Amino acid sequence: MSATGNRGRVLGLVTVIVLVGLLAFLLGRGVGLERTVPPIEELTVERIELPDAGRIRVHVVNGGQDGVTIHQVIVDDAVWAFAIHPGPTIDRLGRATIEVPYPWVEGDTHEVRLVSRNGITFDATIEVATRTPSATPGWFGRLALLGLYVGVLPVALGLATYPFLRALGRRGIDFLLALTVGLLVFLAIDTLAEALELAGEAAGAFHAPILVWIVTLATLLGLLAITARRRAHGGDLSPLAVAAFIALGIGLHNLGEGLAIGAALATGAVGLGTFLVVGFTLHNITEGIGIAAPLLRGAPRLRHFAGLALLAGGPAVIGCWIGGLVFDPFWAAIFLAVGAGAILQVVFEVGRLVAGRGEEGMSGLWRGEVLAGAGVGVMLMYATALLVPA
């Protein structure tokens, strides 16, 4: 190694040390700056639980620049005693649980207001008061059955169309592959929209909407790099591998669907939960057909279909558990962002599969059956999405 190279490395190391020391000094001493503005307080209510007939439990996170000290808790315009853990002062990015002994009424709406020591108020609403389910084996079992009904069974029904799809000719298979692309494009946009909506409910300090875009892009680029490396060593992905990628992306999306169903049922919105179950069930049958389409170019076995159904539908069970017991909008948004990135990667892979069947190369994407299939796929997903309440 040359002397010039050694000097460059030493100089770079010294620069990093000086920079770290300067930042530590600025953060620790404040370089003589004196704050002249009031504290900036921000508190986000993540969820409210009603563990028993005479108690309200509020989970909060501090997403502001300064600590927040809870001074009063007002429920339905009346001040109530409360206990807060770990303490009344919540530091930046800190979390706390507030217990309020309040005789809430089943089915009623209740307003909760938290008042800081500086008089700043933070409001939350219990839309429909109902006891929050506890983590009992029976509740876990009911949520698991819902997840199977919404996720695994509809996907399995969609995959069961495989024998009928095999009877199609070459143009019919191209139509179905393009239909899969249309399904996935709609699904990617829908997943990203859900992720951004949940990110808006997270504490501002986490910058969740920006993180959603970063995670989506990172997932897409990471999966593209993995598949590119695989091609460099062993050629294109097999039809079964493409179907598995589709199932994985759909599974991450179904995790979000399970979250929505579990959270709706846990908060007492039984009617909404029922509509979600019916809508998502019809929605996922279409997704099962999309998973089956790439398999038309291979020779799958029964165990492959079972594995794909579990991969695509199984996360709905996990989502129902999380949504029904502990729901965190920040992590839900991150999981959905990963799903959006995975689905976009699958769009690219299935697009290559469709193009590879035409003699004109990538120009084969503009064939009539391909354009028609993509359009029908988008419209099918839109039609079934109309059954899911917003």
Only one of (1) surrounded by fewer than 14 Cβ atoms within 10 Å (Cβ to Cβ); (2) over 29 Å from the mean Cα position of the chain (by Cα); (3) more than 29 Å from PRO133 (Cβ to Cβ) fails for THR89. Which number is that? (1)
Could you tell me whether any residue of segment 129-150 is touching a Leu at 6+ places or on another chain (Cβ under 7 Å), assigned to a helix (DSSP H, G or I) and basic (Lys, Arg)? no
Selection count, segment 36-50, where residues are at pLDDT 85 or above and of a type outside the set (D, E, K, R): 5
Residues satisfying the stated conditions in segment 92-108, i.e. within 17 Å of VAL73 (Cβ to Cβ) and more than 28 Å from the chain's Cα centre (by Cα): GLU99, VAL100, PRO101, TYR102, PRO103, TRP104
Could you list, in sequence order, the residues of segment 83-104 that are in a loop (DSSP other than H, G, I, E, B) and without any contact (Cβ under 8 Å) to a residue 40 or more places away in the chain? PRO86, GLY87, PRO88, ASP91, GLY94
PRO154 part of a loop (DSSP other than H, G, I, E, B) and either buried (at least 18 other Cβ atoms within 10 Å of the Cβ) or assigned by TED's automatic domain parsing to the domain that holds TRP321 (or both): no
Exactly one of LEU13, LEU27, LEU33 is at pLDDT below 85 and surrounded by 10 or more Cβ atoms within 10 Å (Cβ to Cβ), and that one is LEU13
Hey, GLU49 acidic (Asp, Glu) and closer than 23 Å to SER134 by Cβ or not: yes
Pick out the one residue from ALA203, ALA232 that is modelled with pLDDT under 75 and either closer than 30 Å to ARG142 by Cα or surrounded by fewer than 24 Cβ atoms within 10 Å (Cβ to Cβ) (or both). ALA232
Select from segment 58-86 the residues that are at pLDDT below 90 and exposed (fewer than 14 other Cβ atoms within 10 Å of the Cβ) and write down the one among them that is farthest from TRP331 (Cα to Cα). ASP77
The residue from ALA292, ALA333, ALA342, ALA337 that alone is part of a helix (DSSP H, G or I), farther than 26 Å from THR161 by Cβ and touching a Ser or Thr at 6+ places or on another chain (Cβ under 9 Å) is ALA337
Counting only residues that are assigned to a loop (DSSP other than H, G, I, E, B) and farther than 30 Å from PHE122 by Cβ, which one in segment 158-200 is modelled with the lowest pLDDT? GLY169
Would you be able to say whether some residue in segment 226-248 is under 27 Å from ASP328 (Cα atoms), among the aromatic types (Phe, Trp, Tyr), within 19 Å of the chain's Cα centre (by Cα) and assigned by TED's automatic domain parsing to the domain that holds PHE330? yes
Quick check on GLY341: is it within 12 Å of the chain's Cα centre (by Cα) and either polar (S, T, N, Q) or closer than 27 Å to ALA374 by Cβ (or both)? yes
Restricting to segment 115-145, count the residues that are under 21 Å from GLU42 (Cβ atoms) and either surrounded by 17 or more Cβ atoms within 10 Å (Cβ to Cβ) or under 26 Å from the mean Cα position of the chain (by Cα) (or both). 6
For VAL112, indicate whether it is part of a loop (DSSP other than H, G, I, E, B) and out of contact with any Lys or Arg (no Cβ under 9 Å at 6 or more places or on another chain). no
Counting only residues that are β-branched (Val, Ile, Thr) and within 11 Å of the chain's Cα centre (by Cα), how many does segment 307-338 have? 2
Given the residues PHE186, PHE164, PHE175, which is the only one that is exposed (fewer than 14 other Cβ atoms within 10 Å of the Cβ), in the same structural domain as GLY251 (by TED's automatic domain parsing) and either closer than 30 Å to TRP366 by Cβ or in contact (Cβ under 8 Å) with a residue 40 or more places away in the chain (or both)? PHE164
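The values are calculated or read from the model by the stated rules, or taken from the named source; none is laboratory data. Not measured: the values here are computed from a predicted model. Cβ sites come from the backbone with ideal geometry, for glycine too, and all protein chains shown count toward neighbours.
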